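**Student:** Attaching a single structure in structure tokens format; questions to follow.
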């Protein structure tokens, strides 16, 4: 089953790429994903200050700089994994470094054969 892991954190304490690459917890998490051969795709997102939000209301397109949500925690990355089940997705998510100070939201991905 495929899952999207939404990596959420307070952007003001988000580590740099260099810090993430040097972090033993991140290295262990990456090694676990590789061992499981579970990662389908992953990407770290640019800061929310670079976001653009689009809404359409009553036929009018509203464009604003920044994120939609007014919260400290933002989605800072996404990883798509292919797992046997939710238990394996949870095992993968709990090893992510951001699970220690942010959160990792697990979302099942619609499969072509599932009703929508």
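**Student:** Taking segment 25-71, which residues are modelled with pLDDT under 90 and in a loop (DSSP other than H, G, I, E, B)?
**Tutor:** Within segment 25-71, 45, 46, 47, 51, 66, 67, 68, 69, 70, 71 meet the criteria.
**Student:** Output the residue which, of all residues in segment 4-19 that are closer than 19 Å to residue 80 by Cα and at pLDDT below 90, is surrounded by the most Cβ atoms within 10 Å (Cβ to Cβ).
**Tutor:** Within segment 4-19, the match that is surrounded by the most Cβ atoms within 10 Å (Cβ to Cβ) is 9.
**Student:** Looking at (1) over 18 Å from the mean Cα position of the chain (by Cα); (2) within 28 Å of residue 110 (Cα to Cα); (3) free of Cβ contacts under 8 Å to residues at least 40 places away in the same chain, can you tell me which one residue 36 breaks?
**Tutor:** Unmet condition: (3).
**Student:** So, one more: Being in contact with a strand residue (DSSP E or B) (Cβ under 8 Å, 6 or more places away or on another chain), within 19 Å of residue 90 (Cα to Cα) and without any contact (Cβ under 8 Å) to a residue 60 or more places away in the chain: is that true of residue 3 here?
**Tutor:** Spelling it out, it is not the case that residue 3 is in contact with a strand residue (DSSP E or B) (Cβ under 8 Å, 6 or more places away or on another chain), within 19 Å of residue 90 (Cα to Cα) and without any contact (Cβ under 8 Å) to a residue 60 or more places away in the chain.
**Student:** Right, next: Scanning segment 89-107 for residues that are out of contact with any helix residue (DSSP H, G or I) (no Cβ under 8 Å at 6 or more places or on another chain) and in a strand (DSSP E or B), which turns out nearest to residue 1 (Cα to Cα)?
**Tutor:** So the residue we want is 107.
The values are calculated or read from the model by the stated rules, or taken from the named source; none is laboratory data. Keep in mind the model is a prediction, meaning the values are calculated, not measured. Cβ: placed from backbone, ideal geometry, glycine included. Neighbour counts: every protein chain shown.
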